[in-house]
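What follows is calculated from the coordinates using simple rules that are stated; it is not laboratory data. Here the structure is a predicted model, which means the values were calculated and not measured. Quick reminder, even Gly has a Cβ in these numbers, built from the backbone with ideal geometry, and neighbours come from all protein chains shown.
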Amino acid sequence: WKVRLCTGEMRSVLSANLELIDETREEPEISTFGCEIIGRTRLGRQDLSSNIWPMIHSGIIRVRVPERLLTRLNAQFSSLHNDRDCPSHALFLVGEVKEGKQLTIRNPDPEYVDLLVACAR
């Protein structure tokens, strides 16, 4: 048998020296949730819980947004949604936005910007 070691080196191993340590599958189920990193993200003086799922060329991060920021963001989005002159990108995202608007935020909340930058670090 040819075996690849954790160093990347390939070695030949006699079958008598091999031991099945886990049940194997022809097509294993791979999930990013097995790679979840639970941590903390610092925003000013606040310490926010975060979950990160790393992927090959990207990742997903989930952070609990402070209640006061969430309230401001909801008010901002509601105001933009109700503004008939607010540009929407829904027409350019074929099949992605079925109804409503894809809003453009021209003046993002400074605390929200800080949160995004903190998460990117």
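General observations
- Using the Cβ-Cβ distance between S78 and A118 with R0 set to 22 Å, the FRET efficiency from 1/(1 + (r/R0)^6) comes to roughly 0.30.
- Under Karplus coefficients 6.51, -1.76 and 1.60, residue-wise ³J(HN,Hα) of segment 55-64 in Hz, glycine/proline x: 10, 4, 10, 7, x, 10, 10, 10, 10, 6
- From phi via Karplus (6.51, -1.76, 1.60), per-residue ³J(HN,Hα) for segment 114-121 in Hz, x at Gly/Pro: 4, 5, 4, 5, 4, 5, 6, 6
- The H on the amide N of Q102, modeled in the peptide plane, is under 5 Å from the matching H of H89, A90, each at least 5 residues off or on a different chain.
- For segment 3-17, backbone phi angles converted through the Karplus equation (6.51, -1.76, 1.60; θ = phi - 60°) give residue-by-residue couplings of 10, 9, 7, 4, 7, x, 6, 9, 9, 8, 10, 5, 4, 5, 8 Hz, Gly and Pro being listed as x.
- Neighbourhood charge, 15 Å Cβ-Cβ cut-off, centred on G59 and excluding it, Lys, Arg +1 and Asp, Glu -1: +1
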